[in-house]
1. Take every Cα-Cα distance within region 76-141, group them into 10 Å bins from 0 onward, and report for each bin the whole-number percent of pairs it holds.
2. Compute the acute angle (0 to 90°) between the alpha-carbon long axis of helix 59-79 and the principal axis of greatest extent of the alpha-carbon atoms of the chain; round to the nearest 10°.
3. Could you list His29, His102 so that the one with the fewest beta carbons within 10 Å of its beta carbon is first and the one with the most is last?
4. Going by how many other beta carbons lie within 10 Å of each one, how would you line up Ser44, Ser31, fewest first?
5. Under 19 Å from a label point 7 Å along Cα→Cβ of Asn7: give me every residue in region 104-141 with its amide N that close.
6. Relative to the longest principal axis of the chain, what angle (0 to 90°, nearest 10) does the C-alpha long axis of helix 113-128 take?
7. Can you give the FRET efficiency for Ile21 and Ser44, using 1/(1 + (r/R0)^6), R0 = 25 Å, r = Cβ-Cβ distance, to the nearest 0.05?
8. Helix 3-35 sits at what angle to the longest principal axis of the chain, using alpha carbons and giving 0 to 90 degrees rounded to 10?
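Every read-out reported here was derived from the displayed coordinates using simple, explicitly stated rules and does not represent laboratory data. The structure presented is a predicted model; accordingly, all values stated were derived computationally and were not measured. For neighbour counting, all protein chains shown are included, and Cβ atoms are generated from backbone atoms with ideal geometry for every residue, glycine included.
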Amino acid sequence: MNDTTKNDSLRDLGILMIRLILAAVFLYHGSQKLFGMFGGYGISGTAGFFEKNLGIPFPYLSAIMAALAEFVGGLSLLTGIYLRWAMVPLSITMLVAAFSAHTGFGSQTGGMEYPLTLAISAAGLGLIGAGRFAIQLPKRG
């Protein structure tokens, strides 16, 4: 194995590690919003929070879109399938969360630190791609 091959393998392993931890985070939070799992409130509860606490327009539709962005984005991170496409709505969802549901920066005081980190990490992976350790779909003929 030459240095270039070793570096490429380490790069792809690093991308996989980042993808997997982000997949766990987004599948967890998406499941809370979509299905009410893990102590979440489901679509109705999320929509109620969006409407009452954040004043987000079309709260039910917005809750569905946010939940799908997180859950499908998590699946995409897990598998690597359509990663670049899935990171667009996921990054936007996290930016909206950072600037609408959080004030200040520090996460200890409810700031935007965490959702902003998730947004930039997802956007970065969208730019880099899934790496070599991803499910490869067959090419269309």
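1. So the P(r) values, bin by bin, are 23, 39, 25, 10, 3, 0.
2. For helix 59-79, the angle is close to 20 degrees.
3. Details: His29 23, His102 18.
Exposure proxy ranking, most exposed first: His102, His29.
4. With the sparsest Cβ surroundings first, the list reads Ser44, Ser31.
5. Backbone N within reach: 128-129, 131-133.
6. 40 degrees
7. Values: r = 29 Å, r/R0 = 1.17.
In this case the efficiency is close to 0.30.
8. 20 degrees
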